[in-house]
């Protein structure tokens, strides 16, 4: 366990950065736990998470903008579905850019679709930066608070376990006492 903690202390921020590029929700929640435990520094983790999220979103936007049309031309059914979403995407584009990190799977899908729709790169970057910042703060805080709550719960569970153990010991002693009392009574009856 100590080796894992040392590894996370040394390379944790890099793991957060690349994790946010690939899949952000689980990574940022776990980062909050690691911040609470003192393994990762909170402020630096938050900045790295935001930068990783923006980098990943920019990558998916770029892929959607430059390569999706080739892929969609090979899959006509998928192209048809994307075309039916066009009007919905256009009316909700800034909300999609801002909310991508709040909706599981949205971190890849929303930037990709906005890239396909030739949404303004400047607008996407602005709304995405706002959204990823808010999402990173939110998810990191939730991870931090969950870790804090989990610590309290495990402390309470430990106290409950001790109480239960004491209760089991008392019941065992009482059962043993009753058993010996019955055994002695049987011996007296014989």
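Take the conditions surrounded by fewer than 16 Cβ atoms within 10 Å (Cβ to Cβ), out of contact with any strand residue (DSSP E or B) (no Cβ under 6 Å at 6 or more places or on another chain), closer than 26 Å to residue 139 by Cβ and in contact (Cβ under 8 Å) with a residue 40 or more places away in the chain and apply them to residue 55. Does it pass? Break it down stepwise before answering.
Details: surrounded by fewer than 16 Cβ atoms within 10 Å (Cβ to Cβ): yes; out of contact with any strand residue (DSSP E or B) (no Cβ under 6 Å at 6 or more places or on another chain): yes; closer than 26 Å to residue 139 by Cβ: yes; in contact (Cβ under 8 Å) with a residue 40 or more places away in the chain: no.
Spelling it out, it is not the case that residue 55 is surrounded by fewer than 16 Cβ atoms within 10 Å (Cβ to Cβ), out of contact with any strand residue (DSSP E or B) (no Cβ under 6 Å at 6 or more places or on another chain), closer than 26 Å to residue 139 by Cβ and in contact (Cβ under 8 Å) with a residue 40 or more places away in the chain.
From the list 79, 65, which one is in a helix (DSSP H, G or I), over 24 Å from the mean Cα position of the chain (by Cα), modelled with pLDDT of 85 or more and surrounded by 12 or more Cβ atoms within 10 Å (Cβ to Cβ)? It is 65.
Taking the criterion of being at pLDDT below 90 and either part of a helix (DSSP H, G or I) or at positive phi (or both), the residues of region 115-127 that qualify are 116, 118.
Rundown of residues vs (1) under 16 Å from the mean Cα position of the chain (by Cα); (2) under 26 Å from residue 145 (Cα atoms); (3) part of a helix (DSSP H, G or I), yes/no style:
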residue: 31; (1), (2), (3): yes, yes, yes
residue: 38; (1), (2), (3): no, yes, no
residue: 97; (1), (2), (3): no, no, yes
residue: 103; (1), (2), (3): yes, yes, no
residue: 109; (1), (2), (3): no, no, yes
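Working only within region 111-135, note down all residues that are free of Cβ contacts under 8 Å to residues at least 60 places away in the same chain and within 15 Å of residue 55 (Cβ to Cβ). Passing the criteria: 111, 112, 115, 131. Filtering region 1-29 to residues that are under 11 Å from residue 45 (Cα atoms) and more than 16 Å from the chain's Cα centre (by Cα) leaves only 14. When residue 133 is tested against (1) modelled with pLDDT under 90; (2) surrounded by 10 or more Cβ atoms within 10 Å (Cβ to Cβ), exactly one condition is not met: (1). Exactly one residue among 25, 84 is closer than 26 Å to residue 146 by Cβ, at pLDDT below 90 and part of a helix (DSSP H, G or I), and that residue is 25.
The values are calculated or read from the model by the stated rules, or taken from the named source; none is laboratory data. These figures come from a predicted structure and were not determined experimentally. With ideal geometry, Cβ positions are generated from the backbone for all residues, glycine too; neighbour counts draw on all protein chains shown.
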